[in-house]
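There's a structure below that I have some questions on.
The values are calculated or read from the model by the stated rules, or taken from the named source; none is laboratory data. All values derive from a computational prediction rather than experimental measurement. We place every Cβ from the backbone using ideal geometry, glycine too, and count neighbours over all the protein chains shown. These accessible areas exclude ligands, DNA and RNA; they are computed on the full protein's heavy atoms, side chains included. Shrake-Rupley method; radii C 1.70, N 1.55, O 1.52, S 1.80 Å.
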Amino acid sequence: MTRNAEAALLVGAAAVAAFGVALVNLARGDGIDAQVALTFVVMLTSFGGFHLAVRQWSPEASPFLLPLAAIITAVGFVEVYRLDQGRASLQRWWLLIAALLAVALLFTVRQTGLAPLRRYRYVLLLAGLLLLLLPLLPTDWAFPLRGFEQNGSRLWIRLEIGPLRLQFQPGEIAKLILAAFLASYLSERQAVLAAHTRPLGRYRLPELRQLAPLVIAWAASFVVLVYQRDLGASLLLFALFIAMLYAATGRAVYLASGGVLFGAGAVIAWSSLSHVQRRVTAWLDPFADFIDTGYQIAQSLFAFGSGSLSGSGLGLGAPDRIPNATTDFIFAAVGEELGLAGSVGIIATFGLLVAVGFGISLRSRDTFRKLLAGGLAFVLGLQTFLILAGVMRLLPLTGITLPFMSYGGSSLVANFLLLALLARISHEERA
Amino acid sequence: MNQPLRRLAAALFVAFALLILDVTYLQVIAGPRYRDDDRNPRVVASRTGKERGLILSSDEQVLAQSTADPDNPQRFNRSYPEGELYAHLVGFSSLNFGDEALELVYADDLRSKRDLTVSDLLSALLGGDLRPKSIQLTIDHALQQVAFTALGDQPGSVVAIRPHTGEVLAMVSRPSYDPNLFLGSEAIEVRQDLLVDPAEPLANRSTNRTYPPGSTFKVVVTAAAIESGAAGPDTLFPDPLELELPGTTEVIRNFDEQVCGNGSEVTLQTAFRRSCNTVFASLGLELGADVLSLQAEAFGFNQEIPFEIPVLTSVFPPPSAFANDLPALAQSAIGQRDVRATPLEMALVASAIANDGIIMEPTLVSRIFDPDGRVVSLNEPELLQRAVSPSTAAVISDLMERVVASGTGTRATVPNVRVAGKTGTAETGVGPPHVWFIGFAPVEQPTIALAVLVESGGEAGENATGGSVAAPIAQEILAYWVQSNG
């Protein structure tokens, strides 16, 4: 596929967003207004700018990444607009900011490539852990950067200088930075970690001290789980770590021990943490405690059921009845208004995007880039799976965002940067 | 290194395949179950929030209306401007509890049919009107208010009917409740409180409660006597202080525990005027269960009364019940024992006498019209059944007029208006009596027939009689009606 075809698809995605906004307006009984044009322009500016930056500084990058992400973003934006117009206009700003940061990233690494990421890995580790722990900053100290709690989870920081008030979930970025650290660390220690020298009967196990980082990762995720009460981020970080360790070494023992640690962690969390118990109870039978714990999941199921095959049509359903419909539960809104056709389409598009990511990883010759692309593709796929499975009651709900679709600046920025990294990797491998 | 990466990718694709299977299950296989679940807010919203038609009184007073929600113009809020005055008739259309009374019975006309259901679409294709229709009642708002006020805070009912058409002019049941509360945020608590309230404000006493009719039932017994030729107004009856019931030591006395006339003999006319139990008990025994039962049924007892809202059937026990129980027959002849009537039924008894012996089908809704004011359906008066011959009706009308002129019902007297009536004071065995007045006016050409019931004596308690408590209420209503419809 050529760059020009990519550009055409991006225009198409912007048109889908604008058309969706127009439909929502009509369903609402309003006329076609400036929102339609504004949406088209913002979508075109952000993805078009991203596209031009790729042309300029990473011309060999995979042409599939942007169109797939753009169509998901378009559908997500239309649903956010349908649910909350105020949030939609903020989301447009975030789209521009996210694209600008992605462009800035491509610009910054235009000469050096991703080599600095590899070189300064301990800076990355430090930065990643710092970002993870940032929300634990006091809420009431004098320093303008404060942590705060929302919906029972402490994931947020808020920067307040005068009238300026910025909120951000640093964990979203930490995810990328830690993936880069792991790719760098593992590409170097790969041989040692894979060399299993300690015999145990027929099996050979790695030296115990080689497992230390794994235990550290487990402990870090547990801290996130307990102190920030964030099931999703905790699980995502731990799984990312295990997956990359496995990818680097090819040793199933890491998967197995990761599974055991996860199991142990899950049991401890379930037996001692009330917010985990609530999630599990709601998952087992949302209708048993319909009014309280089960309410949100039940509303999600009602939305999917009401959507049926073809959906109610944009703006014609009632997804506003689902708590947090613009963020965690955006997919239930898609299921209701676009029906099975739309929900399967979105799942498939995510699948393709993840596949493109893994394709980039598999074609990479350089270990660092291979691991980084694999890690990024994996974390994108797993995050998508976890939140969708939660919203659809396949698994207990873990409150994380749906990449590119959920309302929220942190999530958009992180996922645009993830795209830029994948684009850069694919460019470096082909150039 | 590619092998583990491929495995990770494969694992994710299996996971995504599971998502697609699950979403297919949710939207298609289990979809209808979730879609139609009663707790699904879409189901609830499809019942409410839509525009519904108006409900008006005959004099165009708005009793139920839908107004656009100020926060969301696509939603409509139902409200009942007259509140508890019409609660039992109009009912409500509630988010939590569905529809009630006329809101339920006429839901199909009142609701907007723009739901895009298959049947609505078909109807639209066939030229059907999808807009909500409005309904107009036969109730006269001013009369309803007068009746409501006249009954006051006493538990009871007033039913007023236009005798020659069957149109219900007023139908009041107290205590009442404010149907608007069923639409508010406190609906669940409000309903619970109303359900456990011992005063039973949710009950429609006019149609859904039966009471022993007491002496008002003497109208039926007298009708049976005249129709069967067994007695006329001037027929003489023995006038004992007390009547021994056959086969028992029980006796029936008159209300004041006195003789009815001079103590030897008394005419039926006097016995009716003074409501003497001894005479009617022995007349009932003389007529027999079959004759009484047939006459009661001719007046509408033991029959389903066709009406827009549900009506409990009034009961006169079958003749077999009296085969070995003549005391029961004697007591039934004075409207006690197991005889039970709704206020609506007793209003129909009065209307039959007022309308030359004919009962018209009672109606609450006069017409249904579309938003352009075009009448979609008009309720024409229909004959329900003949209760007595015109001549019998005329005789009883005369007897009833004497009750008001110089009998137990003098407190229903309206100056310069000929009023006919019959009082009733029904012993309940426990607590104060239920007191009644049934009647009509003006006698020469009746435009209103009514039944007034005050439960458990109302404010007068043990001392209450139909003549002292129910008759004055009827007087207010009749006086207002005749004056304003003179």
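Considering only residues that are open to solvent by less than 60 Å² (accessible area, probe 1.4 Å) and part of a helix (DSSP H, G or I), which ones fall in segment B:287-296?
Passing the criteria: B:L287, B:A289, B:V291, B:L292, B:S293, B:Q295, B:A296.
Go through the residues of segment A:366-383 one by one and say whether even a single one is more than 10 Å from every other protein chain (Cβ to nearest Cβ), closer than 15 Å to B:A17 by Cα and either in contact with a Phe, Trp or Tyr (Cβ under 9 Å, 6 or more places away or on another chain) or part of a loop (DSSP other than H, G, I, E, B) (or both).
no
Go through (1) under 27 Å from A:G345 (Cβ atoms); (2) more than 7 Å from every other protein chain (Cβ to nearest Cβ) for B:I55 and report which single condition fails.
(1)
Specify which of the listed residues (B:V417, B:V430, B:V404, B:V443) is more than 20 Å from B:S206 (Cβ to Cβ) and buried (at least 21 other Cβ atoms within 10 Å of the Cβ).
None of the other options fit; the residue is B:V404.
Considering only segment B:299-333, state which residues are among the small types (G, A, S) and in a helix (DSSP H, G or I).
B:S320, B:A321, B:A328, B:A330, B:S332
Here's a check for you: in segment A:284-327, which residue that is in contact with a Lys or Arg (Cβ under 6 Å, 6 or more places away or on another chain), part of a helix (DSSP H, G or I) and touching a residue at least 12 places away in the same chain (Cβ under 8 Å) is surrounded by the fewest Cβ atoms within 10 Å (Cβ to Cβ)?
Filtering segment A:284-327 for residues that are in contact with a Lys or Arg (Cβ under 6 Å, 6 or more places away or on another chain), part of a helix (DSSP H, G or I) and touching a residue at least 12 places away in the same chain (Cβ under 8 Å), the one surrounded by the fewest Cβ atoms within 10 Å (Cβ to Cβ) comes out as A:Q299.
Can you name the residue in segment B:245-286 that is in contact with a strand residue (DSSP E or B) (Cβ under 6 Å, 6 or more places away or on another chain) and either assigned to a loop (DSSP other than H, G, I, E, B) or open to solvent by 40 Å² or more (accessible area, probe 1.4 Å) (or both) and is also farthest from B:G424 (Cα to Cα) among such residues?
B:E265
Another question about this same structure. With respect to the numbered conditions (1) more than 11 Å from chain B (Cβ to nearest Cβ); (2) modelled with pLDDT of 95 or more, which one is the sole condition not fulfilled by A:P396?
Result: A:P396 fails condition (2) only.
Can you find a residue that is of a type outside the set (S, T, Y) and either farther than 30 Å from A:G351 by Cα or not in a helix (DSSP H, G or I) (or both) anywhere in segment B:21-32?
yes
Of all residues in segment A:16-54 being within 14 Å of another protein chain (Cβ to nearest Cβ) and in a helix (DSSP H, G or I), which is nearest to A:L66 (Cα to Cα)?
Within segment A:16-54, the match that is nearest to A:L66 (Cα to Cα) is A:V24.
Also, I was wondering about something else. When the residues of segment A:136-157 are filtered to those that are of a type in the set (A, V, I, L, M) and under 18 Å from A:V226 (Cα atoms), which remaining residue is most open to solvent (accessible area, probe 1.4 Å)?
Going through the qualifying residues, I end up with A:L136.
Look through segment B:57-85, keep the residues that are of a type in the set (S, T, Y) and in contact with a His (Cβ under 9 Å, 6 or more places away or on another chain), and return whichever of them is nearest to B:D37 (Cα to Cα).
The selected residue is B:S57.
Select, from B:P32, B:P81, the only residue that is more than 14 Å from every other protein chain (Cβ to nearest Cβ) and surrounded by fewer than 22 Cβ atoms within 10 Å (Cβ to Cβ).
The conditions single out B:P81.
Go through the residues of segment A:374-384 one by one and say whether even a single one is at negative phi, modelled with pLDDT of 95 or more and polar (S, T, N, Q).
So far as segment A:374-384 goes, yes, one or more of its residues are at negative phi, modelled with pLDDT of 95 or more and polar (S, T, N, Q).
Right, another one. Please state which one of A:L236, A:L261 is out of contact with any strand residue (DSSP E or B) (no Cβ under 8 Å at 6 or more places or on another chain) and either surrounded by 23 or more Cβ atoms within 10 Å (Cβ to Cβ) or within 13 Å of A:A179 (Cα to Cα) (or both).
Exactly one residue qualifies, and that residue is A:L236.
Next question. Just to be sure before I move on: is A:V253 part of a helix (DSSP H, G or I), over 25 Å from A:L402 (Cα atoms) and touching a His at 6+ places or on another chain (Cβ under 8 Å) in the structure I sent?
Answer is yes for this residue.
Report the residue count in segment B:35-52 for those that are at the interface with chain A (Cβ under 7 Å from one of its Cβ atoms), of a type in the set (K, R) and not in a loop (DSSP other than H, G, I, E, B).
Adding up the residues that qualify gives 2.
Can I ask one more? Considering B:Q145, B:Q192, B:Q154, which residue is open to solvent by 10 Å² or more (accessible area, probe 1.4 Å), farther than 25 Å from B:A350 by Cα and either assigned to a loop (DSSP other than H, G, I, E, B) or not hydrophobic (A, V, I, L, M, F, W, C) (or both)?
Among B:Q145, B:Q192, B:Q154, only B:Q192 is open to solvent by 10 Å² or more (accessible area, probe 1.4 Å), farther than 25 Å from B:A350 by Cα and either assigned to a loop (DSSP other than H, G, I, E, B) or not hydrophobic (A, V, I, L, M, F, W, C) (or both).
Oh, and also: Name every residue in segment B:217-230 that is open to solvent by less than 10 Å² (accessible area, probe 1.4 Å) and in contact with an Asp or Glu (Cβ under 9 Å, 6 or more places away or on another chain), in order of residue number.
Within segment B:217-230, B:A225 is the sole residue that qualifies.
Now for a separate question. Among (1) within 20 Å of B:A426 (Cβ to Cβ); (2) at pLDDT 90 or above; (3) more than 18 Å from the chain's Cα centre (by Cα); (4) of a type in the set (A, V, I, L, M), there is one condition B:A354 misses while meeting the rest; what is its number?
Answer for B:A354: the failing condition is (1).
Still on this structure, I have one more. Looking at A:A239, A:A248, A:A266, which is the one that is without any contact (Cβ under 8 Å) to a residue 12 or more places away in the chain and assigned to a helix (DSSP H, G or I)?
Among A:A239, A:A248, A:A266, only A:A266 is without any contact (Cβ under 8 Å) to a residue 12 or more places away in the chain and assigned to a helix (DSSP H, G or I).
Quick check on my filter: what residues within segment B:8-29 are open to solvent by 70 Å² or more (accessible area, probe 1.4 Å) and within 8 Å of another protein chain (Cβ to nearest Cβ)?
Within segment B:8-29, B:F13, B:L18 meet the criteria.
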